[in-house]
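Working notes, beginning with the structure itself.
The values are calculated or read from the model by the stated rules, or taken from the named source; none is laboratory data. Just so you know, these numbers come straight off a predicted model, no measurement behind them. Note: ideal-geometry Cβ built from the backbone for every residue, glycine included; neighbour counts use all protein chains shown. Just the protein is used for accessible areas: all its heavy atoms, side chains included, with ligands, DNA and RNA removed. Shrake-Rupley method; radii C 1.70, N 1.55, O 1.52, S 1.80 Å.
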Amino acid sequence: MKFSISREALLRPLTLVAGVVERRQTLPVLSNVLIEVQDGGISLTGTDLEVELIGRAATDLVDEPGSVTVPARKLMDICKSLPDQSEISFTLEDGRVVLRAGRSRFTLSTLPVAEFPNIEDGQNDTTLSLPRGTLKYLIDATSFAMAQQDVRYYLNGMLLELANHLVRTVATDGHRLAVCERSAEIELTDARKLIIPRKGVLELSRLLDGSEEPVELALGANHIRANTGEFTFTSKLVDGKFPDYDRVIPKGGDKTFIAERGELRQILARTAILSNEKYRGVRLQLEENNLKVMANNPEQEEAEENVGIEYTGDALEIGFNVGYLIDVLNVLDADRMQMTLSDANSSALMEEPGGGDARYVVMPMRL
């Protein structure tokens, strides 16, 4: 195997592919990246057995095609540290890869290509195409609410629902819920519900941009594959039943106020400084055209802020984890936000004024 490629052409796919590779692995070959060289281009593959990512780069200088696996992190660090516009040549010599760039020379160990696992090509029963920007928006609007290490393993991921002319993403960790949907030009005879694991969701978001360019999705019984041309991403699916989120969305709340999103976020962030570090609780006191935000902690320290809002109705006092409220305000797209409440023990519904693509439910706290 022998080829040359510019530093910049290699670095973008390598950085994304190396992101999939785990630092600590049960199998040594999983910390490597598979490099396959054919005339006109190279492909780089990284996997952790749950998620696989293949990145492609064009190169005109292929002297000998071939394939090899080398340590992903070391290769990326070498490429990053080389000067801009460097031309890097790769040669396989005596079972090791030699990199040369200018006056630099690096020799990397390899592991057999035959040991590198391939996420099996299952049967794809459905293929469809979406604008990349649509899918990225849906993921970014909801992914923050995924659980991290919940024993209810199906919560450590995101529900992707595909139906006729509609795409919806849902995430929840049991304390809050995020739902976002957009119309799309897709036609499906049967609606599909897939749970993509947390890591797969985060890696897929990194691949997508806000453009109208298409991303091709292939759906199988136990995996999803996304192809952008430059990249092919495959993730196993979580086998489980996602909760009935529609039952969780509060209906019939009679206290609705509208506030400036940026201003409320700053006030919550300031008040949070003196909240209890463990529970991060803040109290919201709702009164006519005013919202009072209060926090205190075991050291007897207190914070109190007032913000003008649009509200007429009965007074209400309710407690929340301040982090959950700030997370929602960070992803809401509009300059103003609307919150609907019913009483101190019921969940709050947060959305754009008048409702938008996304709805967020936050459970209250007893303070």
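The set of residues in the stretch 191-233 that are open to solvent by 10 Å² or more (accessible area, probe 1.4 Å), more than 11 Å from K136 (Cβ to Cβ) and small (G, A, S) comprises A191, A218, A221, G229. Can you find, within the stretch 220-234, the residue that is nearest to A57 (Cα to Cα) among those that are within 19 Å of the chain's Cα centre (by Cα), of a type outside the set (K, R) and in a strand (DSSP E or B)? The residue in question is F231. For residues in the stretch 83-112 being more than 16 Å from R7 (Cβ to Cβ) and in a loop (DSSP other than H, G, I, E, B), which is most open to solvent (accessible area, probe 1.4 Å)? Going through the qualifying residues, I end up with D94.
Pull up the stretch 235-258, narrow it to residues that are in contact with a helix residue (DSSP H, G or I) (Cβ under 9 Å, 6 or more places away or on another chain) and not in a loop (DSSP other than H, G, I, E, B), then point me to the one that is surrounded by the fewest Cβ atoms within 10 Å (Cβ to Cβ).
From the stretch 235-258, those in contact with a helix residue (DSSP H, G or I) (Cβ under 9 Å, 6 or more places away or on another chain) are 235-243; that's our starting set.
Remaining after also requiring not in a loop (DSSP other than H, G, I, E, B): 235-236.
Values: S235: 24, K236: 19.
Out of the qualifying residues, it is K236.
Output the number of residues of the stretch 259-275 satisfying the condition of being polar (S, T, N, Q), open to solvent by 20 Å² or more (accessible area, probe 1.4 Å) and in a loop (DSSP other than H, G, I, E, B). Don't jump to the end; show me each part of the working.
In the first step, residues of the stretch 259-275 are kept if they are polar (S, T, N, Q); the result is 266, 271, 275.
Checking the rest, the ones that are also open to solvent by 20 Å² or more (accessible area, probe 1.4 Å) come to 266.
Narrowing further to those that are in a loop (DSSP other than H, G, I, E, B): none.
Residues meeting the conditions: 0.
For residues in the stretch 141-159 being assigned to a helix (DSSP H, G or I) and open to solvent by 10 Å² or more (accessible area, probe 1.4 Å), which is nearest to M363 (Cα to Cα)?
Going through the stretch 141-159, the residues assigned to a helix (DSSP H, G or I) turn out to be 141-145, 153-155.
Then keep just the ones that are open to solvent by 10 Å² or more (accessible area, probe 1.4 Å); that gives 143-144, 153-154.
Numbers: S143: 18, F144: 15, Y153: 21, Y154: 20 Å.
Filtering first and then ranking leaves F144.
Return yes when P298 is part of a loop (DSSP other than H, G, I, E, B), within 26 Å of S183 (Cα to Cα) and open to solvent by 40 Å² or more (accessible area, probe 1.4 Å) and no when it is not. No, not satisfied.
Can you find a residue in the stretch 285-300 that is within 20 Å of V322 (Cα to Cα) and in contact with a helix residue (DSSP H, G or I) (Cβ under 6 Å, 6 or more places away or on another chain)? First the steps, then the outcome.
Step one: filter the stretch 285-300 for residues within 20 Å of V322 (Cα to Cα), giving 285-287, 290-300.
When the remaining residues are screened for being in contact with a helix residue (DSSP H, G or I) (Cβ under 6 Å, 6 or more places away or on another chain), the result is 293, 295.
Yes: one or more hits.
Restricting attention to the stretch 46-60, the residues that are closer than 16 Å to P117 by Cα, open to solvent by 10 Å² or more (accessible area, probe 1.4 Å) and not acidic (D, E) total 2. Selection within the stretch 165-178: residues that are within 11 Å of M146 (Cα to Cα) and out of contact with any Ser or Thr (no Cβ under 6 Å at 6 or more places or on another chain). The member of this set that is most open to solvent (accessible area, probe 1.4 Å) is H175.
Would a scan of the stretch 324-339 turn up a residue that is of a type in the set (S, T, Y), closer than 20 Å to P250 by Cα and either in contact with a His (Cβ under 8 Å, 6 or more places away or on another chain) or open to solvent by 20 Å² or more (accessible area, probe 1.4 Å) (or both)? Looking through the stretch 324-339, at least one residue is of a type in the set (S, T, Y), closer than 20 Å to P250 by Cα and either in contact with a His (Cβ under 8 Å, 6 or more places away or on another chain) or open to solvent by 20 Å² or more (accessible area, probe 1.4 Å) (or both).
Among the residues in the stretch 205-215, are any out of contact with any Ser or Thr (no Cβ under 7 Å at 6 or more places or on another chain), in contact (Cβ under 8 Å) with a residue 12 or more places away in the chain and part of a helix (DSSP H, G or I)? Lay out the reasoning, then the answer.
Just the residues of the stretch 205-215 that are out of contact with any Ser or Thr (no Cβ under 7 Å at 6 or more places or on another chain), to begin with: 206, 208-213.
Checking the rest, the ones that are also in contact (Cβ under 8 Å) with a residue 12 or more places away in the chain come to 206, 208-213.
From the residues that got through so far, the ones that are part of a helix (DSSP H, G or I) too are 206.
Yes - at least one qualifying residue is present in the stretch 205-215.
So, of the residues in the stretch 48-64 that are at pLDDT 95 or above and out of contact with any Gly (no Cβ under 7 Å at 6 or more places or on another chain), which turns out to be nearest to I224 (Cα to Cα)? Among those residues, the one meeting the criterion is E52.
Considering the stretch 277-295, and only residues there that are surrounded by fewer than 15 Cβ atoms within 10 Å (Cβ to Cβ) and under 29 Å from the mean Cα position of the chain (by Cα), the residue that is nearest to P353 (Cα to Cα) turns out to be Y279.
Annotation note: of L162, L138, the sole residue that is buried (at least 20 other Cβ atoms within 10 Å of the Cβ), in contact with a Lys or Arg (Cβ under 8 Å, 6 or more places away or on another chain) and not in a strand (DSSP E or B) is L138.
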